[in-house]
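Working notes for the structure below.
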Amino acid sequence: MNFQTKQSFLNYIKFLKKIGIGSVGICFLDKRNKQVLKVFHQFFDEMENFYQDEHISYQQEEILRFSKIANKHFIFPKEVIMVDFEIVGYITPFIEAKS
């Protein structure tokens, strides 16, 4: 999933349901496509450019390394989310289950 600008991605996720916050990012539910978008906290950090030494660069190969594994116990990322050619999160299928 690719977006040209931060604002275009923010416009997309503002209509999605926020379903959880963890140590790495925030999860949004896209009911239309039955998928969950996990967006890294760094994307929302307004001071990111100020702390460039702490900038975390994510690699697509690293995020998707388990995506081809068929498994009933874990939900692995299927696609990365790119904004202005930078990975800001990933997408997993939505599996309805009990908390």
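The values are calculated or read from the model by the stated rules, or taken from the named source; none is laboratory data. Source: prediction; values computed, not measured. For neighbour counting, all protein chains shown are included, and Cβ atoms are generated from backbone atoms with ideal geometry for every residue, glycine included. Side chains are part of the model used for accessible areas, which takes the heavy atoms of the whole protein and leaves out ligands, DNA and RNA. Shrake-Rupley method; radii C 1.70, N 1.55, O 1.52, S 1.80 Å.
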Partner lysines for residue 14 [C-alpha distance under 20 Å; skip if fewer than 8 residues away on the same chain]: 6, 31, 34, 38
Spin-label model distance (nm) - residue 19 vs residue 97, 7 Å beyond Cα toward Cβ: 1.1 nm
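Counting heavy atoms of the protein chains only and a 1.4 Å probe, report the per residue accessible area for the chain as a whole number of Å². Working shown, then result.
Numbers: 7520 Å² over 99 residues.
So the chain comes to 76 Å² accessible per residue, rounded to a whole number.
Hey, can you rank 70-82, 86-98, 32-44 by average C-beta count inside 10 Å, highest first? Write out the running numbers ahead of the final one.
Details: 70-82: 13.0, 86-98: 14.7, 32-44: 16.8.
So the order, starting with the most tightly packed, is 32-44, 86-98, 70-82.
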Charge tally in the Cβ shell below 13 Å around residue 31, where Lys, Arg are +1 and Asp, Glu are -1, residue 31 excluded: +2
Normalised contact order of the chain, rounded percent, pairs of Cα under 8 Å and 6 or more residues apart: 30 percent
Helix-only CD estimate at 222 nm, as mean residue ellipticity for the chain, using -39500 (n - 2.57) per DSSP H run (n ≥ 4): -3500 deg cm²/dmol
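How would 84, 30 rank on accessible area, largest to smallest, probe 1.4 Å? Each step should come with its number before you reach the end.
Details: 84 100, 30 0 Å².
The residues order as 84, 30, largest area first.
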Most mobile of 57, 67, 23 in a GNM of the chain (Cα contacts under 10 Å): 23
Relative pair counts by distance (%), Cα atoms of the stretch 57-99, 5 Å bins: 5, 21, 29, 19, 14, 9, 3, 0
Stokes-Einstein D (µm²/s) once Rh is taken as the Kirkwood radius of the chain over alpha-carbon pairs, at 37 °C in 0.692 mPa s: 229 µm²/s
